[in-house]
1. Looking at (1) open to solvent by 30 Å² or more (accessible area, probe 1.4 Å); (2) in a loop (DSSP other than H, G, I, E, B); (3) in contact (Cβ under 8 Å) with a residue 60 or more places away in the chain, which one does Glu301 not meet, given that it meets all the others?
2. When residues of the range 175-191 are filtered for being closer than 15 Å to Glu139 by Cα and either open to solvent by 10 Å² or more (accessible area, probe 1.4 Å) or over 22 Å from the mean Cα position of the chain (by Cα) (or both), how many remain?
3. Within the range 140-170, which residues are of a type outside the set (A, V, I, L, M, F, W, C) and in a strand (DSSP E or B)?
4. Which condition number in (1) farther than 20 Å from Asp363 by Cβ; (2) touching a strand residue (DSSP E or B) at 6+ places or on another chain (Cβ under 7 Å) is the one that Val275 fails?
5. Does the range 80-92 contain at least one residue that is assigned to a loop (DSSP other than H, G, I, E, B) and either under 20 Å from Val256 (Cα atoms) or open to solvent by 20 Å² or more (accessible area, probe 1.4 Å) (or both)?
6. Let me spell it out: the conditions are (1) part of a strand (DSSP E or B); (2) at pLDDT below 95, and Lys280 meets all of them except one. Which number is the exception?
7. Provide a single number: the residues in the range 9-53 that are in contact with a helix residue (DSSP H, G or I) (Cβ under 6 Å, 6 or more places away or on another chain), surrounded by 19 or more Cβ atoms within 10 Å (Cβ to Cβ), assigned to a helix (DSSP H, G or I) and not small (Gly, Ala, Ser).
8. Are any of the residues in the range 323-335 open to solvent by less than 10 Å² (accessible area, probe 1.4 Å), in contact with a Gly (Cβ under 6 Å, 6 or more places away or on another chain) and either of a type in the set (A, V, I, L, M, F, W, C) or touching a residue at least 12 places away in the same chain (Cβ under 8 Å) (or both)?
Amino acid sequence: MIDFDARLRAVRDISRVAAEDLRGRALAIDADPDAMDAHLGSPWFTLFRQSDTPVEYRESIPGGVPLPDGLRMPDRRSCLENVVGFVETARGDAATVLACPCPGLAGVLVELLGSDAQRERFYTRLHGGRTWAFFAMTEAAHGSDAGAMESRFVSDGGGGWLLFGGKRFVGNGARGGVGVVFARTGRSALSVRAALVEVPVVGWSGRRLETVGLRGAALGELEFDGVPVSGEMMLGEHLPVTRRGLWGAVKTFNQVRLHVAAAAVGTAMAMAEYVGEHRKGAPGLSLALARTEAARELVYEAAALMDRDAQRGYLSSAAKLGATRMVVEVARWASGVMGPSGLLEHPLLEKWTRDAGAFEFMDGTGNVQRLHVARGYQAGDADGRS
């Protein structure tokens, strides 16, 4: 079990305060994910964006955003602090967190692979809090299987590239203004590269996909027809060939896998607590709460391990696998225990039951995680966690 020191307690407590604001926006964003103007001025959105941005690239906000005494936002370099915060904000509403314009996944990759000039360009574009970032890896036919990726960079003959292909299920893809796109320059594994792209740009088109759950994430489909990408926008040019595209993707996914697990745990806790509040003594309540707490502890342990060794992804896959299965089972339990008209009478609970199924498909389905777990176990990664 992870012992909470003053630092983690401060992160947990500030995230609980933020969760109240997020929950109040949840149903409106779910009803119309495109109508974000009423939410972008939230001081919590500003704090999320600031805490997710390196200090040297943060914008100057007149007056700042004051924090209550003794509370602090997560240190963006700490996986454990971010997971602790995400569990609590997801108890407010995970989809609302995902609707916030933040560096997100794209920021993780830009930090790993980007030059100083690329980082400056990326983070400056997000100033003002009205520009979303996107991370475009998944394709319609092959999911996030980089080995089968079909999107491609074709040399333009002058030191730059032309981007062809398409991506699907990209968070904030259709409304994003800056982000990273993965494609290949050849057929080998080392040919998979990532580029920084600013939108609008010639040859780029996108549309939002209609989804049942996590509608605030605004999943989109993108198509590229000769999108010009200058050589200076290719990430990792200053790094060895082996530490460019795929290396950065693997490190990014090891971390985001835990963020997905944290969001699933927070959503399950929100449902179980909601049932407890509205159906006191509901059958199975104590078991549902115990399961969410156990999953939370596993996610915390995996995050602490990630901070010690970012290359070890075994436990993060196990945590994601367990959390996404658990949240669906808690959703089914909550639907049943509230009675035939329960979801009609409690629209917030109905929304969370729809959201619950979406976590399975973020950063690899359960079958993909089982492969990661099996390989990690065979490699001895399950031993000696410390």
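1. Tallying (1) open to solvent by 30 Å² or more (accessible area, probe 1.4 Å); (2) in a loop (DSSP other than H, G, I, E, B); (3) in contact (Cβ under 8 Å) with a residue 60 or more places away in the chain, Glu301 fails exactly one: (2).
2. Number of matching residues: 1.
3. Restricting attention to the range 140-170, the residues satisfying the condition of being of a type outside the set (A, V, I, L, M, F, W, C) are 142-145, 147, 150-152, 155-160, 165-168.
Correct list: Gly143, Arg152, Ser155, Gly165, Gly166, Lys167, Arg168.
4. That leaves (2) as the condition not met.
5. Step one: of the range 80-92, the residues assigned to a loop (DSSP other than H, G, I, E, B) are none.
So far as the range 80-92 goes, no, none of its residues is assigned to a loop (DSSP other than H, G, I, E, B) and either under 20 Å from Val256 (Cα atoms) or open to solvent by 20 Å² or more (accessible area, probe 1.4 Å) (or both).
6. The number of the failed condition is (1).
7. Residues in the range 9-53 being in contact with a helix residue (DSSP H, G or I) (Cβ under 6 Å, 6 or more places away or on another chain), surrounded by 19 or more Cβ atoms within 10 Å (Cβ to Cβ), assigned to a helix (DSSP H, G or I) and not small (Gly, Ala, Ser): 6 in total.
8. Within the range 323-335 (the criterion being open to solvent by less than 10 Å² (accessible area, probe 1.4 Å), in contact with a Gly (Cβ under 6 Å, 6 or more places away or on another chain) and either of a type in the set (A, V, I, L, M, F, W, C) or touching a residue at least 12 places away in the same chain (Cβ under 8 Å) (or both)), the answer is no, since none of the residues qualifies.
The values are calculated or read from the model by the stated rules, or taken from the named source; none is laboratory data. On a predicted model such as this, the values are computed, not experimentally measured, just so you know. Counting neighbours? That spans all protein chains shown, and the Cβs are built from the backbone with ideal geometry, glycine included. Areas reflect the complete protein model, heavy atoms only, side chains present, ligands, DNA and RNA absent. Shrake-Rupley method; radii C 1.70, N 1.55, O 1.52, S 1.80 Å.
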